[in-house]
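The values are calculated or read from the model by the stated rules, or taken from the named source; none is laboratory data. This structure is a prediction, so every number in the text was calculated from the model and none was measured. Cβ: placed from backbone, ideal geometry, glycine included. Neighbour counts: every protein chain shown. Note: areas computed on protein heavy atoms with side chains; ligands, DNA, RNA excluded. Shrake-Rupley method; radii C 1.70, N 1.55, O 1.52, S 1.80 Å.
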Amino acid sequence: MNLFGTLRAPRELLFGAGQRHALGSIAARIGRRALIVTDTRLAADADLLSLVRQLDEAGLAVMVDSSTLPDVPVDSAMSSSVGARSFEPDLVIGVGGGSCLDMAKCVALLLTHGGQPQDYYGEHTVPGPVIPLIAIPTTAGTGSEVTPVAVLSDAERSLKVGISSPHLIPTVSICDPELTLSCPPRLTAIAGADALTHAIEAFTAIRRDPVPGISQQRVFVGKNELSDHFALSAIALLWQGLESACRNGADHAAREKVMLGSTLAGLAFGVAGTAAAHAIQYPVGALTHTAHGLGVACLMPYVMTWNAPLMRDELGRIAQAAGLDGPDEVIPALVSLFARIGIPGTLRDLGLEEERIDWVAEQSSGITRLIQNNPRPLNPKEMRNLVAAAYRGDRSCLN
Ligand SMILES: NC(=O)c1ccc[n+]([C@@H]2O[C@H](COP(=O)([O-])OP(=O)(O)OC[C@H]3O[C@@H](n4cnc5c(N)ncnc54)[C@H](O)[C@@H]3O)[C@@H](O)[C@H]2O)c1
């Protein structure tokens, strides 16, 4: 087998407790007029005020937009970019969870290239670089601080939409685990389970023929040597730290592991892509209005069971990373870890109604970008079977 890898990442990535205090000097090298994109909770937070002070002291003009809403409705991104235009920012700084970072990406895109978010749905539709972006995550989960994706919700579509382009990868990411100390246990669990799912889906994604130019044709190229490297490290860190971070939010060592794991998982799935668990979560999330991380994590063990016959080797390497005895232990251990941190075990527990199983299966099968990234093909009948199994909590019918 020829070795093949793709790595796309911020130009500079800082990780570590206290690294947020470097914002002023970093921003001063990049711009003069900084637009901070955040939400109302963070806008009043002492940490955010201290970031604004650093920018002031470094001589930057600052505008704070705290209008980010969960899951980023497209209209909110549009009005935020319109509101910021007269300020003429030359730097956008996203501070917050995945929603704030995705909003910041979208606002930087609209300020640079105009139009509306709908013009850029899909892959490789962003025509060129965007205004420099600094991403400062305050949750440890989405990996948005390093990924080429902004996820939005569009009232005219039942499923969430994505804008995927390497131009949306932030210029600089500052990952300071101290910013996650305030995350309550449930948010820590949901975000961390999202990250672990990213790492597993990236590590078990399909391996494509690495024809020259594949990384220019596709944003998500499938599993490769470099994404594997980040995915396995992420799995090890998250497996070690997630439960402790949920049990004791003040456990700094656990917070560090979970945040480093989520960022590495972002580096992995940002090129490899995700697969069937994410495809099924899109319609499930639309119907149950539950957090993205809850849905993908609930689905992951069912998708892994379906994929297991084709990923014996990967399961063995995940077992090693997680400190388990062998490939057969991985799925039961994941089920148990997720149960201990409060992830629902079935789609029924997540609030899905039984009569919507067919709709979920149909919609998931339609998300071909993600289904084609799954290592084991899933035809519509097999998809229905998988969704029904996840609804009932019965993995035995998937072997
Ligand atoms: N761009 C990507 O690569 C990518 C990947 C996965 C998911 N996503 C998207 O990210 C979004 C989810 O992001 P998320 O899970 O980070 O949640 P979020 O950003 O929606 O935030 C959830 C809540 O947590 C609060 N919060 C954030 N940081 C906090 C902190 N330190 N302490 C206390 N509360 C805090 C927020 O104010 C908000 O109320 C979804 O829209 C999802 O689709 C994006």
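Against the longest alpha carbon principal axis of the chain, how many degrees, from 0 to 90 and to the nearest 10, is the axis of helix 276-288 turned?
70
Keeping all protein chains in position, work out how much accessible area residue 263 exposes to a 1.4 Å probe, and write it in Å² to the nearest 10.
0
Quote to one decimal, in nm, the extra length available between residue 211 and residue 17 on full extension: 0.36 nm per residue of separation minus the C-alpha distance between them.
65.8 nm
Solvent-accessible area per residue for region 12-180 at a 1.4 Å probe radius, Å²?
35
Would you work out if region 101-194 is rounded, prolate or oblate? Take a ≥ b ≥ c from the square roots of the eigenvalues of the alpha-carbon gyration tensor; rounded if a/c is under 1.5, else prolate when a/b is larger than b/c, oblate otherwise.
It is oblate, given that a/c is not under 1.5 and a/b is not larger than b/c.
Picking from 252, 158, 146, whose Cα lies most toward the positive end of the charge dipole for the chain (charges on Cβ: Lys, Arg +1; Asp, Glu -1)?
The listed residue farthest towards the positive side: 146.
List every residue whose amide H lies under 5 Å from the amide H of residue 15, counting only residues 5 or more places away in sequence or on a different chain, with H placed 1.01 Å from N in the peptide plane.
Those qualifying (amide H under 5 Å, at least 5 residues apart or on another chain) are 175.
Quick one: 3J(HN,Hα) in Hz for region 334-347, Karplus 6.51/-1.76/1.60 with θ = phi - 60°, rounded, Gly and Pro as x.
Working through the residues one at a time gives 5, 4, 5, 4, 4, 5, 5, 9, x, 7, x, x, 9, 5 Hz.
Determine the share of region 189-301's accessible area contributed by carbon and sulfur atoms, expressed in whole percent, with a 1.4 angstrom probe.
Taking all protein chains in place, region 189-301 shows 54 percent carbon and sulfur surface.
If you fit an axis through the alpha-carbon atoms of helix 252-272 and take the longest principal axis of the Cα set of the chain, what angle between them do you get, 0 to 90°, nearest 10?
The angle comes out near 80 degrees.
How large is the accessible surface of residue 95 in square angstrom, using a 1.4 angstrom probe and rounding to the nearest 10?
My reading of the accessible area for residue 95 is about 0 Å².
Please identify every one of the GluC sites (Glu not before Pro) in region 222-278 that sits in a loop by DSSP and has no more than 11 other beta carbons within 10 Å of its own beta carbon.
none
Return the carbon/sulfur percentage of the accessible area of region 1-122, one whole number, probe 1.4 Å, all protein chains in place.
51
Express the C-alpha Rg of the chain as a ratio against the empirical globular expectation 2.2 N^0.38 Å, rounded to two decimals.
For the chain, the normalised Cα radius of gyration comes out at 0.93.
For the chain, modelled as a GNM with alpha-carbon contacts under 10 angstrom, which of 310, 352, 370 fluctuates the most?
310
How far apart, in nanometres, would the label points at residue 355 and residue 57 be if each is projected 7 angstrom from Cα along the Cα-to-Cβ direction?
Here the modelled spin labels are 6.1 nm apart.
Taking the Cα centre of the chain as the origin and placing charges on Cβ (Lys, Arg +1; Asp, Glu -1), which of 271, 83, 397 is farthest toward the positive end of the dipole?
The residue sitting farthest along the positive end of the dipole is 271.
Using the crude model of +1 on Lys and Arg Cβ and -1 on Asp and Glu Cβ, and no other charge, please compute the dipole size for the chain relative to its Cα centre, in debye to 20.
420
Top to bottom by accessible area (1.4 Å), largest first, where do 29, 348 land?
Greatest to least solvent exposure: 29, 348.
To the nearest Å, what is the center-to-center distance of region 1-45 and region 297-372, using C-alpha atoms only?
31
Measuring with a 1.4 Å probe in the full set of protein chains, what accessible area per residue, in whole Å², belongs to region 185-398?
37
Against the longest alpha carbon principal axis of the chain, how many degrees, from 0 to 90 and to the nearest 10, is the axis of helix 46-57 turned?
For helix 46-57, the angle is close to 40 degrees.
For a test of the definition: using alpha carbon positions, the gyration tensor, and the 1.5 limit on a/c, classify region 142-218 as rounded, prolate or oblate.
It comes out prolate by the Cα gyration axes.
Considering only protein heavy atoms, with the full assembly of protein chains and a 1.4 angstrom probe, order 247, 85, 208 by accessible area, largest first.
Listed by decreasing accessible area, they come as 247, 85, 208.
Calculate for the chain the 222 nm mean residue ellipticity that helices alone would give, adding -39,500 (n - 2.57) per DSSP H run of length 4 or more and normalising by residue count, nearest 500 deg cm²/dmol.
After summing the helix terms and dividing by residue count, I get -16000 deg cm²/dmol.
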